[in-house]
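Presented below is the structure to which this report refers.
The values are calculated or read from the model by the stated rules, or taken from the named source; none is laboratory data. Everything quoted here is computed from the prediction, not taken from an experiment. In this analysis, Cβ positions are derived from the backbone assuming ideal geometry, glycine residues included, and neighbour counts consider all displayed protein chains.
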Amino acid sequence: MDAAHVERHGHASFPYLLHGGTAPIRAQWYFRTGNRLPVAVQRWSFPPGATEGDHTHPETTGQGTGPLDEIYLLISGRATITLDGDTVELRPGDALLAPAGVRHGVRNDGPDTAEFVLVWGPPGTGLDRTTSRMDALSAAAAAPDAPEGVTP
């Protein structure tokens, strides 16, 4: 395996003040130059009290990014996310989709660092998931009458 296929936690991480937030977070952009997928994959670490600042990703941002969908996957700590005026508390393992053009922001109200995996990119047609066996398993597990932890 080529070393270019592995990126270690913390490699080339940097402080970043997000959208007028209250404190810099620590960010790591995985495979920034080697990823051929149409998304960015990043790890964001919010220290206690840090916020991202409410913002949107409209058609044009003046930063050359255009509209972006974002998925926030909380891997440790806890966080509060606002999405289109609603507030959602996230626990480890929870994820939130912030569609392009919808106002959203993150804050860490907890005593520990909140660690996120962020996946973001331009809205598109999505993945053709119907050809995957995982799609059927996921649909069965999400059914309203499915027992907890079902594995068809």
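What the table below lists for this structure:
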read-out: Where Asp112 falls short, out of the listed (1) under 23 Å from Ala40 (Cα atoms); (2) loosely packed, with under 13 Cβ neighbours inside 10 Å; (3) at pLDDT 95 or above; value: (1)
read-out: Residue satisfying all of: in region 25-60; aliphatic (A, V, I, L, M) and crowded, with 18+ Cβ neighbours inside 10 Å; farthest from Gly77 (Cα to Cα) among these; value: Val41
read-out: Tally, over region 13-34, of residues that are closer than 24 Å to Gly110 by Cβ and outside any loop (DSSP other than H, G, I, E, B); value: 7
read-out: Hey, Arg32 among the basic types (Lys, Arg), modelled with pLDDT under 90 and more than 16 Å from the chain's Cα centre (by Cα) or not; value: no
read-out: Residues satisfying the stated conditions in region 74-104, i.e. small (Gly, Ala, Ser) and at negative phi; value: Ser76, Ala79, Ala95, Ala98, Ala100
read-out: Residue check, Thr80 of a type in the set (S, T, N, Q) and in contact (Cβ under 8 Å) with a residue 40 or more places away in the chain; value: no
read-out: Residue in region 53-61 that is within 20 Å of Pro123 (Cβ to Cβ) and small (Gly, Ala, Ser) present; value: no
read-out: Every residue from region 84-100 that is in a loop (DSSP other than H, G, I, E, B) and either over 12 Å from Ala114 (Cα atoms) or of a type outside the set (Lys, Arg) (or both); value: Asp84, Gly85, Pro92, Gly93, Asp94, Pro99, Ala100
read-out: Subset of region 100-109 that is within 19 Å of Arg43 (Cα to Cα) and of a type outside the set (Gly, Ala, Ser) - its residue that is surrounded by the most Cβ atoms within 10 Å (Cβ to Cβ); value: Val106
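Conditions (1) assigned to a loop (DSSP other than H, G, I, E, B); (2) under 21 Å from Gly10 (Cβ atoms), marked per residue:
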| site | (1), (2) |
| --- | --- |
| Arg36 | yes, no |
| Gln42 | no, yes |
| Thr82 | no, no |
| Val102 | yes, no |
| Val119 | no, yes |
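Conditions (1) in contact with a Phe, Trp or Tyr (Cβ under 9 Å, 6 or more places away or on another chain); (2) at pLDDT 90 or above; (3) not hydroxyl-bearing (Ser, Thr, Tyr), marked per residue:
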position: Arg36; (1), (2), (3): no, no, yes
position: Phe46; (1), (2), (3): yes, yes, yes
position: Asp54; (1), (2), (3): no, yes, yes
position: Tyr72; (1), (2), (3): yes, yes, no
